[in-house]
Amino acid sequence: QVQLVESGGGLVQAGGSLRLSCAASGRTLSRYAMGWFRQAPGKEREFVASITRTDASTYYADSVKGRFTISRDNAKNTVYLQMNSLKPEDTAVYYCGANFSWEQLKRLFVLYWGQGTQVTVSS
């Protein structure tokens, strides 16, 4: 069992930056590929980014490519999402998730979810 806790959300103006953190407890994070997802009001949850558990390869949704960066620090059992050049359409609740396969994460097949953190981007 893995417990995931996100933090770092908040209110930011368009063009600004935020860094989200996802801290894990229960089992070592290095066992899992990790992903970030988001859900805007009235919309389905969508994939944002993922990072493999071994070589730290990263994958991004087209909508965030070039603006967001996912990274991990296995020694700290933490995954990060650096978000730059934020847009109002990035407003959503952001969730982290874990699975053994990064490919499953892209399809939103997640073994463990965090509780989410709100990101609001004002225009």
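The values are calculated or read from the model by the stated rules, or taken from the named source; none is laboratory data. If you're wondering where the values come from, they're calculated on a predicted model, not measured in any experiment. Quick reminder, even Gly has a Cβ in these numbers, built from the backbone with ideal geometry, and neighbours come from all protein chains shown. Note: accessible area is taken over every heavy atom of the protein model, side chains too, but ligands, DNA and RNA are not part of it. Shrake-Rupley method; radii C 1.70, N 1.55, O 1.52, S 1.80 Å.
Considering only C-alpha atoms, what is the centroid distance from segment 4-22 to segment 53-99, in Å?
11
Normalise the Cα radius of gyration of the chain by 2.2 N^0.38 Å (N = residues in it) and let me know the number. List each step's numbers first, then the result.
Working: Rg = 13.2 Å, N = 123, 2.2 N^0.38 = 13.7 Å.
The reported ratio for this selection is 0.96.
Please identify every one of the trypsin sites (Lys or Arg not before Pro) in segment 1-105 that sits in a loop by DSSP and has no more than 15 other beta carbons within 10 Å of its own beta carbon. Don't skip to the end; give the middle numbers.
Details: sites: 19, 27, 31, 38, 43, 45, 53, 65, 67, 72, 76; in loops: 27, 43, 45, 53, 65, 67.
Taking segment 1-105 and a limit of 15 other Cβ atoms within 10 Å, the loop trypsin sites (Lys or Arg not before Pro) found are 27, 43, 65, 67.
Do you know the relative contact order of segment 1-45, to the nearest whole percent, from alpha carbon pairs under 8 angstrom that are 6+ apart?
Reported relative contact order: 35 percent.
If I take R0 = 30 Å and measure r between the Cβ atoms of residue 57 and residue 111 in this structure, what FRET efficiency does the formula 1/(1 + (r/R0)^6) give, to the nearest 0.05? Intermediate values should be presented prior to the final figure.
On the way: r = 19 Å, r/R0 = 0.64.
For R0 = 30 Å, the calculated efficiency reads 0.95.
Accessible area per residue for segment 5-123 in Å², computed with a 1.4 Å probe and the full protein assembly in place, what is it? Display every interim value, and only then the final one.
Values: 5880 Å² over 119 residues.
Here the per-residue accessible area is 49 Å².
Counting Lys and Arg as +1 and Asp and Glu as -1, what is the net charge of the other residues whose Cβ lies under 13 Å from the Cβ of residue 6? Don't skip to the end; give the middle numbers.
Details: positive: 19, 38; negative: none.
Charge balance in the 13 Å sphere: +2.
Carbon and sulfur together cover what percent of the accessible area of the chain at a 1.4 Å probe radius? Numbers along the way, then the final one.
On the way: 2840 of 6100 Å².
Answer for the chain: carbon and sulfur cover 47 percent of the accessible area.
For residue 83, what is the net charge nearby, where nearby means another residue's Cβ is under 11 Å from its Cβ and Lys, Arg count +1, Asp, Glu -1?
Overall, the nearby charge balance is +3.
In whole percent, what relative contact order does the chain give with Cα contacts below 8 Å and a gap of six or more residues? Please report the intermediate quantities before stating the final value.
Working: 314 pairs, mean separation 44.1, N = 123.
Relative contact order for the chain comes out at 36 percent.
Taking residue 43 as the anchor, which aspartates and glutamates have their alpha carbon closer than 20 Å to its alpha carbon, excluding any fewer than eight residues away along the same chain?
Qualifying aspartates and glutamates at Cα under 20 Å: 62, 89, 90.
Find out how many positive minus negative residues lie around residue 16, taking Lys and Arg as positive, Asp and Glu as negative, among other residues whose Cβ is under 13 Å from that of residue 16. Walk me through the intermediate numbers first.
Details: positive: 19, 67, 87; negative: 90.
Residues close to residue 16 contribute a combined charge of +2.
Give the lysines reachable from residue 106 as a straight Cα distance under 16 Å; neighbours fewer than 8 places away on the same chain don't count.
Candidates past the 8-residue exclusion: 65.
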